[in-house]
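Okay, so here's the structure we're looking at.
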Amino acid sequence: MSSNQTKVALLCAYTLARAGHYGEAEALILSDGELSKTTEAMDLLARIRAEQGDEGEARRLWQEIQLIHPEHAPSRKALKALGKTAFVMPWKALCLLLVPLFLAAGMVVGFLLAERKGDWQVTWEGIPRTEELKALEAYRGRTERVLISTRFFSVPERLGHRALLSTYIAEAVGVPPEAVFIGDAPEATGERITLTLVRAR
């Protein structure tokens with residue numbers, strides 16, 4: 001992956017973790033060897049482990065960061081806080097730390113699932129019809145992963161559609177379910193669902 005693509009993947013992982021989708025966030029980080037070795041990704045993984053109650057692994061990751069980058073303040077502060085009280089994930093603070101990283105890459109942080117040049121984009125107004133899902137088969141074998149950007153699932157009664165839609169999309173484009181990621185798009189309308197089909201490299 002290029003440097004910018006790695007930054008996009010990290011921000012996607014942050015978005016997933018912030019929404020409580022820890023397994024998907026971890027899978028995205030570990031799928032990219034370059035990303036998984038960055039301080040930011042290691043710190044995010046440590047915070048996920050702490051949130052899951054695995055303080056031992058969280059401590060190990062933060063200590064590893066300190067060995068490599070002793071000046072890294074977030075991991076140093078996290079180590080001091082770990083075990084003293086119930087660990088609460090400082091998501092907002094972490095987001096503020098990540099913002100300069102993505103602004104430096106010339107990205108709009110508000111749009112959490114950024115589109116790469118050469119990828120495909122599909123937009124639906126609400127839950128897609130059968131023929132719209134079937135049309136995704138045109139991208140089968142050419143897609144690496146799918147980024148779904150929407151506010152549609154922010155309505156509680158629609159949450160049940162989330163996993164089902166992800167499964168249908170994965171089957172249509174021929175990728176594993178863990179390669180379909182859902183994130184928020186603050187500028188989107190409540191009904192709009194935008195897919196970014198990341199071209200296989």
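The values are calculated or read from the model by the stated rules, or taken from the named source; none is laboratory data. Since this is a predicted model, take the numbers as computed values, not measurements. With ideal geometry, Cβ positions are generated from the backbone for all residues, glycine too; neighbour counts draw on all protein chains shown. Ligands, DNA and RNA are excluded from the accessible area calculation, which covers all protein heavy atoms including side chains. Shrake-Rupley method; radii C 1.70, N 1.55, O 1.52, S 1.80 Å.
Take segment 6-63 and flag every residue that is of a type in the set (Phe, Trp, Tyr), closer than 24 Å to residue 149 by Cα and without any contact (Cβ under 8 Å) to a residue 40 or more places away in the chain.
22
Being open to solvent by 70 Å² or more (accessible area, probe 1.4 Å), without any contact (Cβ under 8 Å) to a residue 12 or more places away in the chain and in contact with a helix residue (DSSP H, G or I) (Cβ under 8 Å, 6 or more places away or on another chain) is the filter here, so list the residues in segment 132-171 that pass it.
159
Let's see how each residue does on (1) in contact with a Lys or Arg (Cβ under 8 Å, 6 or more places away or on another chain); (2) among the hydrophobic types (A, V, I, L, M, F, W, C); (3) surrounded by 15 or more Cβ atoms within 10 Å (Cβ to Cβ); (4) modelled with pLDDT under 90:
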{"residue": "2", "(1), (2), (3), (4)": "no, no, no, yes"}
{"residue": "8", "(1), (2), (3), (4)": "yes, yes, yes, yes"}
{"residue": "16", "(1), (2), (3), (4)": "no, yes, yes, yes"}
{"residue": "20", "(1), (2), (3), (4)": "no, no, no, yes"}
{"residue": "35", "(1), (2), (3), (4)": "no, yes, yes, yes"}
{"residue": "50", "(1), (2), (3), (4)": "no, yes, yes, yes"}
{"residue": "68", "(1), (2), (3), (4)": "no, yes, no, no"}
{"residue": "71", "(1), (2), (3), (4)": "no, no, no, no"}
{"residue": "80", "(1), (2), (3), (4)": "no, no, no, yes"}
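In segment 52-66, what residues are loosely packed, with under 13 Cβ neighbours inside 10 Å and assigned to a loop (DSSP other than H, G, I, E, B)?
53
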